[in-house]
Each structure stands twice: as C-alpha cells, then as structure tokens.
Amino acid sequence: MSKSNDIENIRESINKVDSDILKLLSERRKLSENVINTKVESDQPIRDEQRETELLSRVISDGKKYGLDSHYVSKVFYDIIDDSVRLQQHHFQSSLFNNESSVIRIAIQGIEGSYSSMAAQKFFAHFNKEIIFISKDRFDEVAEEVEAGRADFAMLPIENTTSGGINEVYDLLLHTTLSIVGEEKFKVKHCLVGSENSTIGKLEVIFAHYQAAAQCNKFLSTIPDANIQYFADTALSVKKIKQEGKAEYGAIASEEAAKLYNLKILQKEIANQPDNFTRFLICSRKSHEIDTRIPAKTSLVMATAHIAGSLLNALTVFSKYEVNMEKLESRPIVGNPWEEMFYLDFEGNTKDEKIQMLLDDLGIHTRFLKVLGCYPAKDIDKAKLDFINRTESSGTDEIEITEALVDEKPSKPKKHKSYKLASRGYKAEDTIIKVNDVSIGGNNFIVMGGPCSVESHNQIFECARHAKESGTQILRGGCFKPRTSPYSFQGLGFDGLNELKSAGKKYELPIITEVLAPEQVADVALESDILQIGARNMQNFSLLKEVGRTHRPVMLKRGMMSSIDELLNAAEYILAHGNRQVILCERGIRTFETATRNTLDLGVIPFLKEMTHLPIIVDPSHAIGVRDKIAPLAKAAKVVGAHGVMVEFHPDPPSALSDADQALTFEQYSEMMKDLYELT
Ligand code: PEP
Ligand code: MN
C-alpha cells in the first residue's frame, strides 16, 4: 500500500473517532439534561462541587492508565463540566421568557453586525427564539424602547477590558426604571475592513467607533496617511464603506460584520490588546428572581452619607457579610460638583437572606441606594482540583474554619413594620442630611423661610436678603402651586424657579421648592437643593417613586387627613426607590376645629422621633393660617423637639398672591428668629 493510502486510512479512522467523540458528548449532554429534570423536581442544588471534584480526579487517574497527561484530561473535562453547568443554568433562566411569543425583540445601539447584536445573539442562543433587533442611535433611546414596551430587552455595553467603563451607560442606569437580568462577556476582535479593490496602502479614510479606534490606536499609528472619522458604531462604519464602494475607505469592525456586508478583511487582530472583552448588560422592564442554586451577581448604585468615613463603613459591610465585591466604579453626580455615585457589583442573590441583610446594613451608610438587578453570573467557578493534593486531615480543618465563621455571622434582623427603612428599628441613629453647609437632623435646629410663592424677581430677592439677615438656613418659595381653586395664582413655574435659584445663589442659601408632577421632578431636581412634596400629594405614589429616584433630599409634608403611619409609609416609598434623604414635615391636620386653618399636631413630634430616624420639620404657617399666632407655635415646635421649622413671610403680606393671611411681615419674622435663637 502506498504512503498516501496509509494517511488516508489513518484520517478516516480519526474522523470516525471524532464522530464517536461527538456522539458521546451529545449523549453526555442528554444525561445532563436528565439530571436537570431530576434536580428541578427534587429541589436539589444545581452544582455538586464535591461530585465535580471527584469526577475530575477519577478521569485524571483513568487518563493516566491510557497514557494521557493530567493537564490535558483536566482541560477537556473542565469544558465538559462547564457545558453541563451552563445547560443547567439556562434551564433555570427560561423564566426570563414567561410569554409564549416565539420572537425576542432586542433594542441595541447601532445596527445588526455591531458587537451589541453579536453579544445578544450569544446570550440568547440557547433560548431557541427568533431575534428581532431594534436599532437606535443612542443608549438612552435603547432603554426607552424597553421602558415603552416596544422591545423586550436592551443590550447595553457597560465596560471594556481595554478602554474601561462606558460612562453614558453608567449614567443611564441611574435614571432608567429597567432592571439588569443578565450579563454577557464578548470577545472583541477588531479587524481592518475594506472593499474588494482595497489594500491598506490605498486607505485615505478609516471609519471607526471612537472606542474601537482607541483600542486600536497602536495599529492605526502605522498608517499615518489615513484619516480617522468617528462613527456611532462599528457596523455602521462597515455599512458606509459598502455603500461608497471606494478603495480609499476602510473601517474598524468585527470579522462577522465584514462577512455580513460581504467586505474584505485587510488585517485581522489590530487591537492593542489581543485579549479585549466587552461586558454587556441585558436589561428588561421586570426584574427576575434567580434560583438561589445558580451563582448570581447583584449590581447597585449608591451615594454614601455626608459623614466622615461613610464610604469606608459602607464597604466594610461587604467584609462583615463575607461577600465578594467584584467591581467599584465611581461617576460624578450631575448638579452636585465633587460628589460621586458608586456603582458596585458583588456576588450574591437578592433572594438570599444574607444579601438582604447586607443591603439593609449598607443602606444605613448611604443617602442613595438602588439595586440595579440580580442576575446569573457569567463566569462559572471551575470545579476544584486541589483535593488531589491534600491529605485526608485537610477536610476537618475546613469544617473548623466554617464553624468559627458561623459565630461571627451577623444576627438576623428583627421583623420590621410596613415602613421598615424609615423606622428606628432599621437605623438607630438620627439621619443627618447635609445641604451645602446646612445639617438637617440630629441635634441641629434650622429654619426654612421665604414667601409662599415666588411672585417676581424683586419679591424673591428681597425675601432672600431678609432671610439671610435674620439667620435663616434655607430659602423657600413655591413655583408650582397646588391651589384649591383653579382660578387662583398657580405659580411662575420654571421662570420662578430660576429666580429662586439666583436669589439663593446670591445670598448663599440652599433652596426648597415644591414639585407637583412626576414629569417635573428631574428638571426641578437639577435646580432645587431640596424637593418638597406638598400635603395634597403625600400619597401621590407615582410622584413619591419619582422623587425616590433623584439624589436630592425630599421634604414630605403630612397630608391633612393622614395618620403618622401613612406619613411614614409614604416616606418609605421614597426611601425604597433609592433616595435615603427624606425629611418629614408636620403642617397641621384637618379636625372639627374651624377657628384655626388646620390643627397643628405637635403631640406627634415626640412619637415620630421615637419611631423614625428621619429629621422632622414643623410648618406652623399652614397649620394656623393667621400671622400673629405663628411665632409661638414655631417656638413650641423647637421645645417639643422638632429639627426645624418652615415659616412663610412676605415683603408686603396683604398683597401676597397666595396665603396672604399667614405671611409674616419682615419685622415679625426677624422677631420670631430672635426668639427662636434665644430658646435653648
Ligand atoms: C407650601 O408649603 O407651600 C404648601 C402648599 O404647603 P401644604 O402642602 O402643606 O399645604
Ligand atoms: Mn403657602
């Protein structure tokens, strides 16, 4: 037989072995699927790491008998175990799709062929559904598609191992109502792509996404004659050169995008770093509970309290609960110079009691805390092999260590009421809210003063000057007025807010103003240091949720027909949506008494102080409704333990456009301020 015939025969045998290997792998997969079904029924843990370790050591020692080295065998079997663990995880993730639809609509930034679309294809590959991509130019538009229900998922790149975090996406996560339900890591392999008649030497213009260009800048510097033109995404650059068909045009894109548009790859692997990964977040409208048997990750965003050491205290919580933190990224808070939001990823499932306790504990050190989502971790821990190198006694050591740690575990929290986060049981120490140099809460007593409504430039500037001169800490002024009659003055709106802001700036007074509607919140929060929720809106839950998403402190006024239990539950809405800076305000309730506008319920102050850690302000103006009875009530509020008062005054009370009867004159206000300072 000839030599070539020999090789043919050997190759045929190899092909047969390969085909057998594939058949066996498929058979093994089917067996794994059977294991899954049994585990689902019996509620058994998904991974049995002891069994995996035993399996690996057994195949390694069997392998030796066949002359296979342990490194080779363990490498192959790691992949096999990894596949079956992923298979099991996918099974538990099928709850992501509780609808019967056979298609998944995925919003992406860019077009098909972009890295986002490929990462999405990878993530959703096991779900056997048809994918429809919805292309958008910007990340916020991608999120909006899902928020509006036009897409099921948003695919958002969050970080790249070469160029770092994607700031626009971090900032978007803070404001979106979407939840993270998954993550995908995608290997980015940039190529230089051109049209059929193109060569590197001919290129005059290279179209590229700015991140992609940054990741390939070393290679690009070797073609100095080509100009870089930035494009919104990699696939669009490819589309552009396809349309133009010029030999002088090139683009940086993936191999897949080049194939999709039938273009020539001029050079492969042009990135500075060959190992270049982008991590994507998969976001949906609803959060999904993750089976506690799957390794999960949780992402959150927080701002720590304005107290020395609070970042350190917050981070210490993770070591207290022995939870592994994977990522800490900071971003500036728009509107608050030199302040930052921290984005954290850690190992753990929010369904797990330990993680719930950790989040509760963490919340105490924050002024904003929002869980962005809990999702299955992409990286699967490798089955451990160190067992082989250990002696029998190492097993008992491990038990001892575990027991020692059990003693240090934090104790279970007490059962909370419906307003857990607002309660003293949750947080024993007073919450102190810092607004510029003013501290609200604790042992401080502050005064918020100003007109009921901002009426004109001169009016608010005169009031601001008088507020400053009389020792006021915070300037108030209504711009959006909740009036009983639709014919009454409704406020100057954003024009008024601009005046209030300028007046506050001139006299260095933080400002507070009321927000009436959810859609106003973000814009008012940009300008006002504190947001006020009026008595009429205390149970406007969509408004409460919206102010809960901002980073501005919120003063919540008690509704005129509301119990303190309802007040605390309303505060809870704000706290639970992330914003931990809530101030309560007692402003009088409606009783059978008609001699006063409302009845100031000073009796609740000592109760509230016992029930909650939040600061409490008293508003005697709206309670009593007549100017000459306000000062004594303000003093009484201080005596009874309030953390401050809010009082209305006006340069010319009879001409006030709202609440004229209760506006103090400048003299009355100065007098009251003097009396308040003298009171100890
Ligand atoms: C106000 O403070 O301007 C106001 C309208 O108060 P309340 O919501 O308490 O009536
Ligand atoms: Mn008023």
Which percent of Cα pairs goes in each bin when the distances of segment 465-609 are cut into 10 angstrom slices starting at zero? 11, 37, 37, 14, 0
Gained length - residue 196 relative to residue 322, 0.36 nm times residue gap less alpha-carbon distance: 39.7 nm
Helix-only [θ]222 nm of the chain, DSSP H runs n ≥ 4, -39500 (n - 2.57) each, per residue, nearest 500: -12500 deg cm²/dmol
Among all the lysines, which ones have a C-alpha under 20 Å from residue 75's C-alpha, if same-chain residues fewer than 8 places away are not counted? 23, 64, 65, 378, 382, 384
Looking at the chain, what % of its DSSP beta bridges pair antiparallel, to the nearest 5? 55 percent
What is the Cα coordinate range of segment 1-91 on the first, second and third principal axes, sorted by size from largest, in whole angstrom? 61, 25, 16
Segment 137-283 - Debye-derived log10 I(q)/I(0), Cα point model, q = 0.11 Å⁻¹: -0.45
How high is the FRET efficiency between residue 593 and residue 485 when r is their beta carbon distance and R₀ equals 25 Å, given to the nearest 0.05? 0.65
Hey, could you grab the Kirkwood Rh for segment 139-192? Inverse mean 1/r over distinct alpha carbon pairs, Å, one decimal. 12.4 Å
Three-way shape label, segment 538-630, alpha-carbon gyration tensor, a/c 1.5: prolate
By accessible area (1.4 Å), largest first, 205, 301, 626, 639 order as 639, 626, 205, 301
May I ask you to give the percent of accessible area on the chain that is carbon plus sulfur, with a probe radius of 1.4 Å? 51 percent
Expressed per residue, the solvent accessible area of segment 241-297 in Å² (1.4 Å probe) is about 50 Å²
Hey, which aspartates and glutamates would be in cross-link range of residue 239, C-alpha to C-alpha under 19 Å, not counting anything within fewer than 8 residues on its own chain? 112, 137, 196, 204, 248, 255, 256
So, relative contact order of segment 1-125 in percent, Cα under 8 Å, 6 or more apart, is 18 percent
Would you work out if segment 79-189 is rounded, prolate or oblate? Take a ≥ b ≥ c from the square roots of the eigenvalues of the alpha-carbon gyration tensor; rounded if a/c is under 1.5, else prolate when a/b is larger than b/c, oblate otherwise. oblate
Can you give me the long-range amide H partners of residue 366? Hydrogens built in the peptide plane at 1.01 Å from N, cutoff under 5 Å, separation of 5 or more residues or another chain. 305
Could you give me D for segment 510-568, from Stokes-Einstein at 25 °C and 0.890 mPa s, where the hydrodynamic radius is the Kirkwood radius over C-alpha pairs? Units µm² s⁻¹, please. 215 µm²/s
Give the relative contact order (percent, whole number) for the chain; include only Cα pairs under 8 Å separated by 6+ residues. 9 percent
Report the Stokes-Einstein translational diffusion coefficient (µm² s⁻¹, integer) for segment 1-42, Rh taken as the Kirkwood radius over Cα pairs, at 37 °C with viscosity 0.692 mPa s. 260 µm²/s
For segment 596-669, just the Cα atoms, rotate onto the principal axes and tell me the three extents in Å, largest first. 41, 21, 19
Tell me, what are the semi-axes, in whole angstrom and largest first, of the equivalent ellipsoid of segment 241-383 as set by the roots of 5 times the Cα gyration tensor eigenvalues? 40, 21, 14
Convex hull (Cα only) mean projected area of segment 1-158, reported in nm² to one decimal: 14.8 nm²
Taking R0 as 25 Å, what FRET efficiency do you get between residue 86 and residue 62 from their Cβ-Cβ distance, rounded to the nearest 0.05? 0.55
Using only the C-alpha atoms of the chain, find the volume of their convex hull and express it per residue in Å³. 227 Å³
Over segment 413-470, consider all pairs of different Cα atoms and compute the Kirkwood hydrodynamic radius from their mean reciprocal separation; express it in Å, one decimal. 14.7 Å
Mind jotting down the distance between the C-alpha centroids of segment 37-90 and segment 232-290, whole Å? 35 Å
Once you've got the Cα coordinates, tell me which of 185/246; 354/557; 129/242; 370/417; 354/420; 434/609 are over 23 Å apart. 185/246; 354/557; 129/242
For segment 144-228, averaging the sequence separation of alpha carbon pairs under 8 Å that lie six or more residues apart and dividing by its residue count, the contact order in percent is 23 percent
Expected output is a single nm value to one decimal: the length gained when fully extending between residue 248 and residue 331, i.e. 0.36 nm times separation in residues minus the C-alpha distance. What is it? 25.9 nm
Expressed per residue, the solvent accessible area of segment 2-111 in Å² (1.4 Å probe) is about 67 Å²
Which stretch or stretches of segment 434-472 have amide N atoms under 18 Å from the point lying 7 Å from residue 505's Cα along the Cα→Cβ direction? 436-437, 456-465
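The values are calculated or read from the model by the stated rules, or taken from the named source; none is laboratory data. In this text the structure is predicted, and so the values were computed from the model without any measurement. Ideal geometry is used to build each Cβ from the backbone, glycine not excepted, and the neighbour counts take in all protein chains shown. To get the accessible areas, we keep the full protein, side chains included, count just its heavy atoms, and leave off ligands, DNA and RNA. Shrake-Rupley method; radii C 1.70, N 1.55, O 1.52, S 1.80 Å.
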